[in-house]
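All remarks here apply to the structure that follows.
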Amino acid sequence: KYSRDLKRQRDSSMRMQLLKHTKHDIVNSLSLLPKTQHDLCSFLVDLFLHTEMMLCFSVNGLFMEVEGKCRGCIRAFTRIFIAIPCSDSRAHSSFRICIMNDELIVRNASPKEIQKAFTSLPAPDTSFKPLLSEEQQEMVKSFSVQSGMKLDWSQKCLQDNEWDYTKAGEALTALQNEGKIPKEFFK
């Protein structure tokens, strides 16, 4: 229906109409996709171009559709991003990027990919542990106690939400309600 596949959509003007240009249109079209559960162990990030003014990278992985007529189907995806430094005044001193192009490619997973899919959970990266302030350490402990999540996943949740305790709790609740948090993340 919305495919720009050259084999399926031969009308070039229709292919152009199916391109999404604004933030609103992009988010809206992504929200129309079926709900999915991603296999985090399958993720592979490839940085294939890096200059001072541009990053080009891809994210590959597997997901399972959890609703609709293809419920349980395992698919493979590739997202290719072109990003530049962000001139956003809110960026402060941390590095921010603006995505200039995002291409999503979805295909049926191969039999080998299907066999490997969802066989194990990713272990938190223990090779690099930034030093946490005492306040952050206390937040992690408190969040772990209140949420029931393991310490490393509590820390990741807080970091992903910029150490905003309330925001992290809301994000966790939303993901739990969607069934996107594996039970292995909990004590």
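The values are calculated or read from the model by the stated rules, or taken from the named source; none is laboratory data. Bear in mind that the values here come from a model prediction, so they are computed numbers and not experimental data. Note that we place each Cβ from the backbone using ideal geometry, even for glycine, and neighbour counts take in every protein chain shown.
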Exercise. Which condition number does PHE186 fail, the rest of (1) at pLDDT 90 or above; (2) touching a helix residue (DSSP H, G or I) at 6+ places or on another chain (Cβ under 9 Å) being met?
Worked result: (1)
Exercise. Pick from the range 84-114 the residues that are farther than 23 Å from HIS38 by Cα and part of a strand (DSSP E or B): which of them is modelled with the lowest pLDDT?
Worked result: ILE97
Exercise. Looking at (1) exposed (fewer than 13 other Cβ atoms within 10 Å of the Cβ); (2) at pLDDT 90 or above, can you tell me which one CYS73 breaks?
Worked result: (1)
Problem set entry | Identity of the residue in the range 165-186, surrounded by fewer than 13 Cβ atoms within 10 Å (Cβ to Cβ) and over 18 Å from the mean Cα position of the chain (by Cα), that ends up farthest from LYS35 (Cα to Cα) | THR166
For this session: Tell me which residues, restricted to the range 149-187, are more than 23 Å from PHE118 (Cα to Cα) and assigned to a loop (DSSP other than H, G, I, E, B).
Result: ASN161, GLU162, TRP163, ASP164
For this session: Examine the range 60-72 for a residue that is in contact with a strand residue (DSSP E or B) (Cβ under 8 Å, 6 or more places away or on another chain) and free of Cβ contacts under 8 Å to residues at least 12 places away in the same chain, and state whether such a residue exists.
Result: yes
Exercise. Out of (1) under 26 Å from ILE84 (Cα atoms); (2) in contact (Cβ under 8 Å) with a residue 12 or more places away in the chain; (3) not basic (Lys, Arg), what's the single condition that is false for ASP39?
Worked result: (1)
Seminar exercise, completed: Among residues of the range 46-70 being modelled with pLDDT of 90 or more and exposed (fewer than 11 other Cβ atoms within 10 Å of the Cβ), the residue nearest to the chain's Cα centre (by Cα) is LEU47
